[in-house]
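See below for the structure under consideration.
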Amino acid sequence: MDAREMERLMGFGEGELERTAAAYESGDWPEGHTVRLGRPPVVDEPTQVVSGRVAQSVAEAFDAKARAHGQTRAERIRELVNADVRSA
């Protein structure tokens, strides 16, 4: 893939990718033009994935309860794990 094709796929105009890279590398990147991809962090420290297996029926019931509370599975798990740690 050449630079033109990469620019086209990324939505840049001709030569814009090179100019943008040069501005970033020289420290002339405009304030507020950095975009962080992905979900925002849930805490102000590094995170770690915690997983475990449960029966499918348990997972389905858990997901239904999370939805009833207006939460995703991950939000509900985080809430319950944090509550358990605080009470220990």
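The values are calculated or read from the model by the stated rules, or taken from the named source; none is laboratory data. Predicted model, so just to flag it, every value in this text is computed and none were measured. When the accessible area is computed, the model is the full protein with side chains, heavy atoms only, and any ligands, DNA or RNA have been set aside. Shrake-Rupley method; radii C 1.70, N 1.55, O 1.52, S 1.80 Å.
Assorted remarks:
- Helix-only CD estimate at 222 nm, as mean residue ellipticity for the chain, using -39500 (n - 2.57) per DSSP H run (n ≥ 4): -16500 deg cm²/dmol
- Cα-based shape type of the chain, given that a ≥ b ≥ c are square roots of the gyration tensor eigenvalues and the cut on a/c is 1.5: prolate
- Per residue, the chain exposes 94 Å² of accessible surface when a 1.4 Å probe is rolled over the protein heavy atoms with every protein chain present.
- Computed extension gain for Trp29 through Arg67, at 0.36 nm per residue and net of the alpha carbon distance, reaches 9.5 nm.
- For the chain, the longest principal axis of the alpha carbon atoms and the long axis of helix 73-87 meet at an angle near 60°.
- The portion of the accessible surface of the chain made up by carbon and sulfur, rounded to a whole percent, is 53 (1.4 Å probe; DNA, RNA and ligands excluded).
- Our coupling estimate for the range 55-71, obtained by passing each phi through the Karplus curve with A = 6.51, B = -1.76, C = 1.60 and θ = phi - 60°, is 4, 4, 5, 5, 4, 5, 5, 5, 4, 5, 5, 4, 4, 4, 8, x, 10 Hz, Gly and Pro reported as x.
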